[in-house]
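Derivation of every value follows stated rules applied to the coordinates shown; laboratory data play no part. Every value quoted in this text rests on a predicted model; they were computed, and no experiment measured them. Don't worry about glycine lacking a Cβ; one is built from the backbone with ideal geometry, like all the others, and counts go over all protein chains shown.
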Amino acid sequence: MEADVTVEAGKLTEATVSHAAARVTFKLVMREGGEALPDTQWTVQTTEGQVIKRSVGALPTHILAPGTYTIIARSGARAFKRDFTLASGDTAQVEVLMR
């Protein structure tokens, strides 16, 4: 996010930012509700395949615009994929099952 704000010397400046984003945390698991696997490589893509974000870790959290995405989790030589949808203001946890 980017915004231009004018600041005048000696005066209080107030800025309000409104957004329609969603917070999502990813978790690679062996079974539903299971423990997150460490050292997982994550790729968030649009449904058309455009890469939005990449991260590494057991429970990465990202702020994304509302929409439908594909998450790819890589652990070792294996990759697992899941589609998910976020609405404005959502706070979601997306589990990717190792199947």
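Structure values in brief
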item	result
Built amide H within the under 5 Å cut-off of residue 58, gap 5+	39, 40
For segment 22-97, with +1 on Lys and Arg beta carbons and -1 on Asp and Glu, the positive-most of 46, 79, 26 along the dipole	79
Residue-wise HN-Hα coupling along segment 75-88, computed from phi with Karplus coefficients 6.51, -1.76, 1.60 (Hz; x: Gly, Pro)	9, x, 8, 9, 10, 10, 10, 8, 8, 8, 10, 10, 9, 3
Amide N of segment 70-85 lying under 18 Å from the label point, which is placed 7 angstrom from the Cα of residue 98 along Cα→Cβ	72-82
Among 50-59, 71-80, 7-16, the order from most to least packed when residues are scored by Cβ within 10 Å on average	71-80, 50-59, 7-16
Dipole magnitude of the chain, debye to nearest 20 (Cβ charges: Lys/Arg +1, Asp/Glu -1, about Cα centre)	560 debye
Rounded Å value of the spacing that divides the Cα centres of segment 1-28 and segment 82-99	24 Å
Read-out Kirkwood radius over Cα pairs in Å, derived from the coordinates shown; its label in [x] 15.2; [y] 13.6; [z] 14.6	[x]
